[in-house]
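Each remark here refers to the structure printed beneath this line.
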Amino acid sequence: MEKNPGSEASLAIASGWLRNCLENHDSCKPPAENQKPPKRLINVGTGTQTPFLEEASCSSEHLRWLSLSYCWGGEPSKKLTEDNLDKLKNEISWNELDPTIQDAILVTRALDIPYIWIDALCIIQDEHSNDWIEQASKMNEIYGGSVVTLVAASSKSVKDGFLHDRELQYIPILWPSNIAGESTGQKPQAKVFISSYWDKNEDELNGPWSERGWTMQENLLSSRLLHYTSSQMVWKCSEQQRFERGVTKSLQAEVDELLTYSDDIAFGSGWLWKLEPFMKFKRFPDYIPSSLEYPLLLEPETFRLWYDLVEEYTERRFKCIKDRLVAISGLARIIGNTIHCHDYVAGLWKPDLIRGLMWYTKGAKLIPRQSADSIRAVNLTFPSWSWASVGYERVENSQKENNHFK
């Protein structure tokens with residue numbers, strides 16, 4: 001591992017991970033319906049050419065872009081508006097970009113991807129613009145169709161950046177390149193990295209990014225993710241999780257092992273619920289019966305994934321809590337398409353409405369944690385019978401595992 005995550009050697013590792021996935025992982029290819037370019041993209045330019053905004057055209061079907069997932073943590077220095085739209089099409093001044101945006105563009109160039117999608121610069125941010133409503137409904141295409149999603153996992157704000165020097169927990173030691181260890185008179189070619197201890201918590205993605213509302217669907221909709229934490233890079237796709245510290249975890253092998261040692265792998269057997277959220281979401285279509293004649297909407301098991309997602313989602317924070325249902329709508333659309341159901345309202349599915357209404361807030365307090373203004377915004381936006389109407393309490397459903405619930 002390099003001290004500088006922006007070094008040529010570190011970026012080469014990330015590039016290698018991406019190349020390996022593109023060449024060898026068929027299951028990580030985005031579905032055809034998601035491969036529609038966003039309305040606008042940023043051409044990242046080169047070291048001598050500044051970035052600029054481009055409008056995607058009907059002939060732009062095969063564009064390759066990277067999507068950025070990050071925490072605003074305040075207002076970005078540069079945002080797209082109606083007033084500066086034409087100006088940004090000519091040039092986006094490098095010095096006017098916040099550190100996280102600059103770092104993301106540098107990584108995109110290093111991965112040899114010509115475009116990047118950044119919400120603040122690709123969606124018109126004027127208060128009453130219809131552009132936000134239009135683009136917010138297309139997150140499944142924007143994140144699901146991108147080559148990879150870049151995650152600034154440990155950065156609290158767009159002002160922070162993420163290509164900071166790291167405290168190395170490995171000590172490099174030169175090692176003779178010849179097996180026998182005999183002196184050849186040449187400079188050793190190999191390095192061994194020794195660490196007395198690696199804190200497994202450094203492998204967890206528990207930074208500010210994982211606490212934000214919008215980032216949950218940005219994570220689950222993506223086919224590939226490249227996380228930058230404060231200690232290392234972490235790669236994740238449908239088949240592998242790779243850590244810069246040198247460990248590779250085969251996610252596909254875990255699924256295969258689970259299926260091999262399960263007595264029953266049919267729909268309703270429950271093997272899917274033993275997976276972590278990312279793989280659970282990715283393998284959900286494989287769990288659901290493919291026959292259109294199967295009475296899916298009569299089976300309580302059909303909706304369990306949704307209740308699991310809601311549990312994880314409700315404690316996540318928003319700058320504007322009124323976005324709560326919009327920021328999960330991409331996941332609802334994918335699930336609805338999978339189970340062939342579009343009767344969805346205010347976070348609940350009509351075919352499973354009775355069970356859906358049996359949510360409760362775990363650890364709810366008589367004095368809620370959010371401010372009075374936040375409570376008022378929630379009460380005016382969402383119906384009281386929807387889980388979306390509560391504050392940042394954890395919402396659970398007592399009947400989600402009851403397959404005999406009718």
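The values are calculated or read from the model by the stated rules, or taken from the named source; none is laboratory data. All figures in this text were calculated on a predicted structure; none of them were measured in a lab. No Cβ is skipped: glycine too gets one built from the backbone with ideal geometry, and neighbour counts run over all protein chains shown. Calculation scope for accessible area: heavy atoms of the full protein, side chains included, ligands and nucleic acids excluded. Shrake-Rupley method; radii C 1.70, N 1.55, O 1.52, S 1.80 Å.
Worth a mention:
- Apart from one condition, Trp198 fits all of (1) open to solvent by 20 Å² or more (accessible area, probe 1.4 Å); (2) of a type outside the set (Ser, Thr, Tyr); (3) at pLDDT 60 or above; (4) not in a helix (DSSP H, G or I); the exception is (3).
Yes or no, residue by residue, for (1) in contact (Cβ under 8 Å) with a residue 24 or more places away in the chain; (2) within 24 Å of Ser223 (Cα to Cα); (3) outside any loop (DSSP other than H, G, I, E, B):
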site: Asp286; (1), (2), (3): no, yes, yes
site: Ser290; (1), (2), (3): no, yes, no
site: Phe303; (1), (2), (3): yes, yes, yes
site: Glu312; (1), (2), (3): yes, yes, yes
site: Glu315; (1), (2), (3): yes, no, no
site: Lys319; (1), (2), (3): yes, no, no
site: Ile328; (1), (2), (3): yes, yes, yes
site: Ile334; (1), (2), (3): yes, yes, yes
site: Asp352; (1), (2), (3): yes, no, yes
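- Enumeration of residues in region 290-307 that are of a type in the set (Asp, Glu), open to solvent by 20 Å² or more (accessible area, probe 1.4 Å) and in contact with a Phe, Trp or Tyr (Cβ under 9 Å, 6 or more places away or on another chain): Glu299
- Qualifying residue in region 314-322 (condition: over 19 Å from the mean Cα position of the chain (by Cα), at pLDDT 85 or above and crowded, with 19+ Cβ neighbours inside 10 Å): yes
- Checking each residue in region 64-93 for being within 18 Å of Lys156 (Cα to Cα), in contact with a strand residue (DSSP E or B) (Cβ under 6 Å, 6 or more places away or on another chain) and not hydroxyl-bearing (Ser, Thr, Tyr) picks out Leu68, Cys71.
- Annotation note: of Leu111, Leu66, Leu18, the sole residue that is open to solvent by less than 80 Å² (accessible area, probe 1.4 Å), closer than 20 Å to Lys138 by Cβ and assigned by the TED database to the domain that holds Gly161 is Leu66.
- Residue that is farthest from the chain's Cα centre (by Cα), among those in region 207-250 that are among the acidic types (Asp, Glu) and open to solvent by 20 Å² or more (accessible area, probe 1.4 Å): Glu239
- Candidates Asp256, Asp343, Asp308: the one that is among the acidic types (Asp, Glu) and closer than 19 Å to Leu220 by Cβ is Asp308.
- Cβ-Cβ under 6 Å pairs, at least 6 apart or on other chains, region 8-26 side within 14 Å of Val107 (Cα to Cα), far side in a loop (DSSP other than H, G, I, E, B): Ala9/Glu2; Ser10/Glu2; Ser15/Leu111; Leu18/Leu111
- When the test is whether a residue is at pLDDT below 95, over 20 Å from Ser154 (Cα atoms) and open to solvent by 40 Å² or more (accessible area, probe 1.4 Å), Glu61 passes it.
- Verdict on Lys159 being closer than 30 Å to Trp117 by Cα, at pLDDT 95 or above and open to solvent by 50 Å² or more (accessible area, probe 1.4 Å): yes
- Here the condition is being of a type in the set (A, V, I, L, M, F, W, C) and without any contact (Cβ under 8 Å) to a residue 60 or more places away in the chain; of Ile118, Ile113, Ile124, it holds for Ile124 alone.
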